[in-house]
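Report on the structure given below.
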Amino acid sequence: MFFKLLKSMKLPPLRNFLWLLLAAALCQPPFGWAQAADPEGRPPRPEDGAGPPQRPGQGQRPQRPGQGGPGGGGKGPGGGGAKGRTGGVVVSNRPLQELWIPPLVEGKTINLELTQATRKFLAGTTPTMGFNGASFWGPTLVFNKGETVQVNFKNNLEEVTTVHWHGFHLPATMDGGPHQTIAAGGTWSPSWKVANNAGTYWYHPHPHELTQKQIAMGAGGLIIVRDPEEAKLGLPRTYGVDDLPVVLTSRRFTSSNQFSYDGDNDKYGDYLLTNGVMDAQTKLPAQWVRLRILNAEIERGYILGFADNREFYQIATDGGLVDKPIPMKRLTLVVGERTEILVNLGGDKVGGSLDLMAYNSNQPFGFPGGEPDSGGANGSLLNNGDFRVLKINVVAANAQKLAKIPEVLTRNHFPADSEVTVRRKLTVAGGRPTFSFDGLSFAMTKVNQVVKLGDTETWTVTNNNIFGHAFHIHDVQFKIVSRSDRAVGDYEQGWKDTAYLPRGASVTFIAKFDDFASDTDAFMYHCHMANHEDGGMMGQFLVSKNPSALKKDASGAIVFRPKMDHPLTAQLVATAAKQTGTSAPNFTWTDAAGQPTSLTANAAGRPTLLYFIEKECPCSRDAATYINQLQSAYGSHLRVVGIINADSTVAEKWSAAAQAQFTVVADPKFEVINAYKAERSASTILVSSAGAVVKSNPGYSATVLEELSRLISRQGRTPPAEVSFKSAPEKLTSGCPLK
Ligand SMILES: [Cu+2]
């Protein structure tokens, strides 16, 4: 309990200071990395680093403190051996690699598939995920404003996913949030009219409690929206030539080269990946060039700038062009945010180079990635450091060279305060163990906010809670009107869908909620730090034509049964039917008393009912109460084992929520679940005392009861008395709220 608390807490300032003192005494660069504090503050070039460049390889992999396992082996934040970082420059001595430019996919109909893959980052092979054959990340989709697009998506993963169109104004049913689940092997074909302005958006998975994992594995991609207004400006727009996608994230690796994505323990990577490439370099012409930068991290923020401190111009924020190019030397980008900048390489020598840098050292406490630890739950080798994110090698200018940047880009019309009808307030709560909004962890059936269609609202999000966050809302683009701790940044003056929410501060934005009213399909708002989001820092809102007509229960809560694709498919039923008579898989786990046990041992003497719980499906929770009744009624004749495709914490929460008395075990490797191809449904499988499958039944139904009675009779025992189950559905799907 105490350890849990420790892990969830961020370092308070005093502790931070102590880390600095400790660091001064202990600081040594990890092998393969160097930290340098240049007197002029100039980041050293890689060739300045001590010794020849080292080849990437397991031997050179920096060793993190507490490498033995997630959480640093119980040592608490930072792990016992973590070194503090004094805010110096982090330099990689590994060889540079060519930046990958994700291919473009254009057209009104786009085919997209997400598949497990592998890539060699270090010495060994790392399992990854990628779209359309990429071994990490995915193609850049191009949409034209005003066109109706259809995406035909296929989920080739062995688990549920969703695809969310981050930043898009579209119907909730097309949004790809946690409700639009796509089964393993399943397809989804959303279609919508592109209403967004020209700009840089992105797509990524959004399945509740699996978002961090799937994003960490590499699932995501950019979307470029084009429109005539942007087209006529003459800005650099030759993709990959003078219009460059730059996607920033970082990853940590286990000793066997797997990505680690263990919730709050693995929010910071040790290795920066730019478009999925470590130590990236690229060529850009000696002229004005455009960078489209996305922070696709799990938690880390970036303070971006160029190594020679040159000025650059921001031309677009999350939701498109700003009114006029804004000159700046530093730009903050938190998770989920995008920016487009113009930088002039016209005065650069061909053959020269320029580094795009992250100046993340010495940030105020609460800045994500500013923690001084170099390892452990709150640290990484990149934390509290300045590091290069892209080396730009300057090549000869091309024919499309822009002579002068436009003075005016567009004229944005933001909603006016005089139009505001509702001033909504949200407060960040928790942190022990997980963050939430207003003390309510996300629940699929809970509507947190209702907005009247057509209303203009301000939302003030207050964060007095331990750490900084990245607030993101679906459906709308907003304008930040004020911040409690400082003026609204010059880099965040345009349309936004994501905003930095520093510790001890509030941010207020204004938005108009037009179109797409629905009393049955909700939009999401959440922290875009995927570990926080998965932990429950998410809420949902309805845009309703008539909020007062929404049906409420006795407690005053809105009755909300989210519509999701039903997890039971014809193929699933057929597969399960075929599996009848197969032998039980060899599945071992630890029981409640901490003793190792196996399915075979469990089945010996008594038949076993394996009951699979799919955590995304509310009908599973309903089913748990039904299966629980079977356990109480027939417990002396059989054994019920509930298997949840999640970690043990979720398993514990589930059993408590359903008040289930049967043994509940997690199946994190999906061993049993995959054996029966029932990844995402409530499913029951009856295993005889000899270990063979008697009946494999997708869903939970009265047929399970019949089979149980028959089995027990066949085994020579007295058939159990008929039990009346009020909740026993006659059909596979009846009783399930999902249609
Ligand atoms: Cu957060």
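Any read-out appearing in this document is the output of simple, stated calculations on the displayed coordinates, not a laboratory observation. Being a predicted model, the structure only gives us computed values, none of them experimental. Note that we place each Cβ from the backbone using ideal geometry, even for glycine, and neighbour counts take in every protein chain shown.
What to note about this one:
- Rounded if a/c under 1.5, otherwise prolate or oblate - the range 420-549, Cα gyration tensor axes: oblate
- In order along the range 132-141, the Karplus-derived 3J(HN,Hα) couplings, from 6.51 cos²θ - 1.76 cosθ + 1.60 at θ = phi - 60°, round to 6, x, 5, 8, 5, 6, x, x, 8, 8 Hz, and Gly and Pro are given as x.
- The range 429-523: trypsin sites (Lys or Arg not before Pro) in DSSP loop, at most 11 other beta carbons within 10 Å: 486
- Positive-end ranking of 100, 138, 216 along the dipole of the range 99-232, with charges on Cβ about the Cα centre, is headed by 100.
- Database remark: amide H of residue 104 closer than 5 angstrom to the amide H of 140 (H placed geometrically; neighbours at sequence offset of 5 or more, or on other chains; Pro and chain starts carry no H).
- 5 angstrom amide H check on residue 455, placed H, neighbours 5+ away: 513
- Amide hydrogen neighbours beyond the local backbone of residue 506, cut-off 5 Å, H modeled: 463, 484, 485
- Each Lys and Arg contributes +1 and each Asp and Glu -1, all at the Cβ; summed about the Cα centre of the range 99-232, the dipole is approximately 220 debye.
- Over the C-alpha trace of the range 99-232, radius of gyration and Dmax come out as 14.7, 48 angstrom.
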